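Single-structure report; data block below.
The values are calculated or read from the model by the stated rules, or taken from the named source; none is laboratory data. Just so it is clear, the model here is predicted, and its values are computed rather than measured. All Cβ positions, glycine included, derive from the backbone under ideal geometry; neighbour counts span all protein chains shown. For the accessible areas, the whole protein counts, side chains as well, though only heavy atoms, and no ligand, DNA or RNA atoms are used. Shrake-Rupley method; radii C 1.70, N 1.55, O 1.52, S 1.80 Å.
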Amino acid sequence: VKKNGKNNFIYFSHEMTTKAQKRLYLEQEIRLALANDDFHMVYQPKVDVKTQRVTGAEALIRWHHPKNGVIPPNEFIPVAEQSDLILKLDSYILDKVINQISQWQEEGLEVPVISVNIPSREFQRGDLVSCVQGTLRKYQVVGNKLEIEITERLLMERCEENIKILNHLKDLDIHISVDDFGTGYSSLSYLVQFPCDVLKIDKSFIDQLPQSKDNCKIVEAIIMLAHKLGKRVVAEGVETEVQYQYLSSLGCDQIQGYYFDKPLNIKDFSIKLDKIKFK
Ligand code: C2E
Ligand code: CA
Ligand code: CA
Ligand code: CA
């Protein structure tokens, strides 16, 4: 495995020069990895700003390829999204995460809301709701332990249809969060119509806080808007004390980022969880 200048791994041979060949190779490898159960999930805590307790976590996929080393999700998720593979991958992820929640509960741990990224492509399949519902039932986990992070793009596409699906998910008590908020083009009227509970401010707005006055204004406006609409706000990619203090002063509800924790493996994350106290 070689590294190129942009810090990305080159994991294809010289013959595979075209983008299409690289994509095909990755597709095959994803299929194989699914069959071999080569993926695993890590969990990044979301911390409540007021209490500083872990009140949530985002499940993020990791792939340690046996020959090519670590392949970051930003490289293989888009490939999976170009084919039906993403549907298989998402069912696989949902199964893994919900199974994990039930295992932690069996160990007597108090599990916070765990969020899973669901690409908008997934909403075009007919059976997202029944897939989620079936998996919850399989592991006997209640819906309000689960949150789905949707992209802002979903607020635009097939509007009526998507609202219906989200309402079905809400009927199962599942939380809905709008990921990377501020980077897309969601119109405010869609935002009002959409049954979502949380807006997640993208890292790109957090990075230059509080130096960039423009970003300060944007973040302040998003937090005000969210609260006016009765939604909670999470900031992702929070790396410094200064950013944390600033977001806290604006009334941001939850923080996710290296300032508190990197994404953690199962064992390290479970250490963060409290034991359920029986009276
Ligand atoms: P995202 O959903 O916006 O996830 C946040 C990314 O920011 C994660 O990178 C996370 O590790 C990283 N991050 C969190 N806090 C910090 C911080 O303080 N500093 C910095 N520099 N980075 C931070 P990751 O895990 O590499 O994921 C990248 C993207 O890949 C995600 O962006 C998401 O779009 C996609 N992805 C990851 N896991 C999954 C998955 O299970 N399913 C799907 N569909 N997409 C996934
Ligand atoms: Ca996310
Ligand atoms: Ca995000
Ligand atoms: Ca992001």
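Residues checked against (1) within 16 Å of ligand 2 (Cβ to nearest atom); (2) surrounded by 13 or more Cβ atoms within 10 Å (Cβ to Cβ); (3) modelled with pLDDT of 95 or more:
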{"residue": "197", "(1), (2), (3)": "yes, yes, yes"}
{"residue": "206", "(1), (2), (3)": "yes, yes, yes"}
{"residue": "211", "(1), (2), (3)": "no, no, no"}
{"residue": "233", "(1), (2), (3)": "yes, yes, yes"}
{"residue": "236", "(1), (2), (3)": "yes, yes, yes"}
{"residue": "240", "(1), (2), (3)": "no, yes, yes"}
{"residue": "243", "(1), (2), (3)": "no, yes, yes"}
Inset, instruction - Could you please give the count of residues in the stretch 162-175 that are in a helix (DSSP H, G or I) and either in contact (Cβ under 8 Å) with a residue 60 or more places away in the chain or acidic (Asp, Glu) (or both)? - result: 1
Legend entry - Residues that are of a type outside the set (Ser, Thr, Tyr) and open to solvent by 70 Å² or more (accessible area, probe 1.4 Å), drawn from the stretch 162-195: 164, 168, 171, 173, 188, 192, 193
Inset, instruction - Return the total of residues in the stretch 58-83 being more than 13 Å from residue 38 (Cα to Cα) and either among the hydrophobic types (A, V, I, L, M, F, W, C) or away from ligand 2 (no atom under 12 Å from the Cβ) (or both). - result: 12
Legend entry - Of residues in the stretch 194-247 being within 16 Å of ligand 4 (Cβ to nearest atom), of a type in the set (Asp, Glu) and touching a strand residue (DSSP E or B) at 6+ places or on another chain (Cβ under 9 Å), the one farthest from residue 146 (Cα to Cα): 202
Legend entry - the stretch 47-70 residues that are closer than 18 Å to residue 179 by Cβ and open to solvent by 20 Å² or more (accessible area, probe 1.4 Å), paired with ones that are among the charged types (D, E, K, R) and at pLDDT 95 or above (beta carbon under 8 Å, 6 or more apart): 55/46; 55/48
Legend entry - Residue that is nearest to ligand 3 (Cβ to nearest atom), among those in the stretch 180-235 that are under 21 Å from the mean Cα position of the chain (by Cα), part of a loop (DSSP other than H, G, I, E, B) and more than 22 Å from residue 169 (Cβ to Cβ): 202
Legend entry - Selection count where residues are polar (S, T, N, Q), surrounded by 14 or more Cβ atoms within 10 Å (Cβ to Cβ) and free of Cβ contacts under 8 Å to residues at least 40 places away in the same chain, scope the stretch 134-161: 1
Legend entry - Considering residues of the stretch 107-125 that are part of a helix (DSSP H, G or I) and of a type outside the set (A, V, I, L, M, F, W, C) only, the residue surrounded by the most Cβ atoms within 10 Å (Cβ to Cβ): 122
